[in-house]
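> One structure is given below, represented as structure tokens, and several questions about it will come after.
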Amino acid sequence: MRIDLHTHSTRSDGTETPSELVNSAKGVGLDVVALTDHDATEGWDEAQQAADEVGIRLIRGIEISTQFGGSSVHLLGYEFDPTHQPLVEELRRVLGGRTQRLPRLLDKLAEHGMPLTEQEVLAVAGDAAAWGRPHVADAMIAKGYIKDRDEAFRDWLVPGKPAYVGRYSADLFEAVRLVCAAGGRPVIAHAWARDSRTGITAEVLTELAAIGLAGIEVDHPDHDADDRAALAAIADDLDLAKTGSSDYHGTGKGPAFHLGANTTHPDELERLLG
Ligand code: AMP
Ligand code: FE
Ligand code: FE
Ligand code: ZN
């Protein structure tokens, strides 16, 4: 039984539609795949239909943009009610923050000789419900300003670089409570990758577990062997599920993030979802 609990479609910043993604999952021999687009559940229905057709199990999920202590933290949520009003309203605020950021970000790129229109970014974002910096990167590539998404993230779009603009994100603790209130299971994503490395200590994870955190994404391409061992020990201590996943974005991220790059043990999925 092969289970991958973290993937993205074109409804956020992946490059495969929800049904293409499910077909790819079937193609690489996965039995269970979770669709976890950034801040959006719009891909669920299409993915479910494809999963029914090809005969694999879909877990309906999301990856919520949150912040803790001034750093960005991603929170996975699984099998919650997508119509739960308080959660819907918070997701609307997060998506609004993405929209509000765009004009300021484009002003900064123009100041650096890389003019782009909102239409050009929205055109490459296609049917995304949550557009993001990867789409800005794609529009920059289309204009010939840069070579690939990596270059955009290395030189332009991250904190400390010339075209970085912050945006609204949910409070981490509040987001954990909202996923629980909506009947779902929150799991901290790539806890020690990128920004969140310093903030998400064992103490913070203990506090999160006390308010309903259900799991820790232990096996992720951005975690090295030491990170994985330490996070697994914390999860065991706190009796949290240990998940493993690829964080697949189609061709939007490197080969390390291929579908099934990391997987979740069936017992851990059982512990997570019951
Ligand atoms: P945003 O949604 O605008 O905050 O942009 C963050 C997204 O960019 C995350 O979903 C990451 O998956 C993606 N990302 C970060 N670094 C890179 C990179 N070097 N190449 C492609 N995507 C990236
Ligand atoms: Fe992403
Ligand atoms: Fe993430
Ligand atoms: Zn992700």
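> Over the stretch 115-155, calculate the relative contact order: mean separation of alpha carbon pairs under 8 Å at least 6 apart, over the residue count, as a percent.
Over the stretch 115-155, the number comes to 31 percent.
> If you add up the charges near Leu273, with Lys and Arg at +1 and Asp and Glu at -1, over every other residue whose beta carbon is less than 12 angstrom from its beta carbon, what do you get?
Around Leu273, the surrounding residues sum to 0.
> In Å, the Kirkwood hydrodynamic radius of the stretch 29-184 over pairs of distinct alpha carbons?
Computed over Cα pairs of the stretch 29-184, the Kirkwood hydrodynamic radius comes out at 16.9 Å.
> Taking amide H atoms as placed 1.01 Å from N in the peptide plane, list the residues 5 or more away in sequence, or in a different chain, whose amide H sits under 5 Å from that of Ile64.
So Ile64 has HN proximity to Asp39, Leu75, Leu76, Gly77.
> Once you sort the root eigenvalues of the Cα gyration tensor of the stretch 126-178 as a ≥ b ≥ c, which label holds: rounded (a/c under 1.5), prolate (a/b larger than b/c) or oblate (the other case)?
oblate
> Starting from the Cα-Cα distance between Glu79 and Asp226, subtract it from 0.36 nm times their residue separation and give me the gain in nm to one decimal.
49.9 nm
> Quick one: what are the phi-derived ³J(HN,Hα) couplings along the stretch 44-52, Karplus 6.51/-1.76/1.60 with θ = phi - 60°, whole Hz, x for glycine and proline?
4, 5, 5, 5, 5, 4, 5, 5, 4
> Still on this model: Need one word for the stretch 169-274: rounded, prolate or oblate. Basis is the Cα gyration tensor (sqrt eigenvalues a ≥ b ≥ c); a/c below 1.5 gives rounded, then a/b vs b/c decides.
It is rounded, given that a/c, with a ≥ b ≥ c, falls under 1.5.
> A further question follows. Roughly what % antiparallel, to the nearest 5, for the DSSP beta bridges in the stretch 1-122?
For the stretch 1-122, the DSSP antiparallel bridge percentage is about 55.
> Go through 13-25, 105-117, 66-78 and give me the packing order, highest mean Cβ count within 10 Å leading.
Highest-to-lowest ranking by the protection proxy: 13-25, 66-78, 105-117.
> Using every pair of alpha-carbon atoms in the stretch 91-160, split the distances into 5 Å bins beginning at 0 and state the percent of pairs per bin, rounded to integers.
3, 17, 29, 29, 16, 5, 1
> Related question: Could you tell me the convex hull volume per residue, in Å³, taken over the Cα atoms of the stretch 13-57?
62 Å³
> Would you work out the relative contact order for the chain, in percent, from Cα pairs under 8 angstrom that are 6 or more residues apart?
Once divided by the residue count of the chain, the mean separation gives 24 percent.
> A further question follows. Give the long-range amide H neighbours of Thr243: residues separated by 5 or more places, or on another chain, with amide H under 5 Å away, using H modelled in the peptide plane at 1.01 Å from N.
Amide H neighbours of Thr243: Ile216, Glu217, Val218, Asp219.
> I would also like to ask the following. Could you tell me how many degrees, from 0 to 90 and to the nearest 10, lie between the Cα long axis of helix 133-142 and the main elongation axis, the longest principal axis, of the Cα atoms of the chain?
That works out to roughly 40 degrees.
> With a ≥ b ≥ c taken as the square roots of the eigenvalues of the C-alpha gyration tensor of the chain, please select rounded if a/c is under 1.5 and otherwise prolate if a/b is larger than b/c or oblate if it is not?
Prolate is the answer for the chain, as a/c is 1.5 or above and a/b outweighs b/c.
Rule-based calculations on the coordinates, nothing more; no lab input. Just so it is clear, the structure is predicted and the values come from calculations on it, not from any experiment. Glycine gets a Cβ as well: all are built from the backbone with ideal geometry, and neighbour counts include every protein chain shown.
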